[in-house]
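Student: First the structure, then my questions, so here it is.
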Amino acid sequence: MKLTWKKKQNKRTLGSLSQYPNLPFEKQTQEDHQNNQQGASAETEPEEEVGPNEPHKALASGESLDPHIQQLADDFQTQGNKLAEDGKYREALGKWEAALNLMPERAVLHEQKAQLLLEIGDAWNALKAATRATDLESSWAEAWITLGRAQLNYGEPDNAIESFDRALAIKPDSEEAKDDKQTALHLVKRRKQLHSSGLSATTNRYMVGDKTEHS
């Protein structure tokens, strides 16, 4: 069993920033744009410092530095989205990598990249990409869900439970997080059963795809 992005109607759409209304930095970007317009004719004021707990401000500021680079990154992202929807995952990853080379702080790209890496079975790199997404946007529930799924596929259900809990703390009504947390809890319970039946007590990892019954 592989836990990745859903392919049915309830799948989280792979799309541009505008398709993720809950992204905490999207509202900030709009506010920054309005502030820039209001202050266009005013004297230059000291630049606002970005605190360690406000990565979305750094992202919004960084993406407004060069409109040409941002547009090019948007184009690569859009092309990758279309390829991903068509099932051309590796080609999509190439486009997203190109976008990330231009905009490395774009959390949504790291999260989408993690989803596709899970889809092609690369749990380790999916784990790294999802971790980067949560580092950039710690208040984005979907990023924590994707990280939890990567941790599950990498054989770390205990860490996955923590990630799903983080997602539920942000978005308590998330059915995705609730369902995936139950899967992780089941795996932890099953691992304890295997330990009690003779499996080494030092073995903490349990692969999602492992057989749960002896033949």
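Bear in mind that the values in this text are calculations on the coordinates, not laboratory data. Every value quoted in this text rests on a predicted model; they were computed, and no experiment measured them. No Cβ is skipped: glycine too gets one built from the backbone with ideal geometry, and neighbour counts run over all protein chains shown.
Student: Name the residue, out of Arg166, Arg149, Arg191, that is of a type in the set (D, E, K, R) and touching a residue at least 60 places away in the same chain (Cβ under 8 Å).
Tutor: Arg149
Student: Which ones in the range 169-188 are touching a residue at least 40 places away in the same chain (Cβ under 8 Å) and either surrounded by fewer than 21 Cβ atoms within 10 Å (Cβ to Cβ) or of a type outside the set (D, E, K, R) (or both)?
Tutor: Lys171, Thr183
Student: Name the single residue that is surrounded by the most Cβ atoms within 10 Å (Cβ to Cβ) among those in the range 75-127 being within 16 Å of Asn153 (Cβ to Cβ) and without any contact (Cβ under 8 Å) to a residue 12 or more places away in the chain.
Tutor: My answer is Asp122.
Student: In the range 119-143, how many are over 15 Å from Gly80 (Cβ atoms) and touching a Lys or Arg at 6+ places or on another chain (Cβ under 6 Å)?
Tutor: Count: 1.
Student: Which members of the range 67-123 meet the condition of being of a type in the set (Phe, Trp, Tyr) and within 17 Å of the chain's Cα centre (by Cα)?
Tutor: Tyr89, Trp96
Student: Could you please find all residues in the range 71-90 being out of contact with any Gly (no Cβ under 8 Å at 6 or more places or on another chain) and under 14 Å from Lys113 (Cα atoms)?
Tutor: If the condition is that a residue be out of contact with any Gly (no Cβ under 8 Å at 6 or more places or on another chain) and under 14 Å from Lys113 (Cα atoms), then Phe76, Gln77, Thr78, Gln79, Lys82, Leu83, Ala84, Glu85, Gly87, Lys88, Tyr89, Arg90 are the ones that fit.
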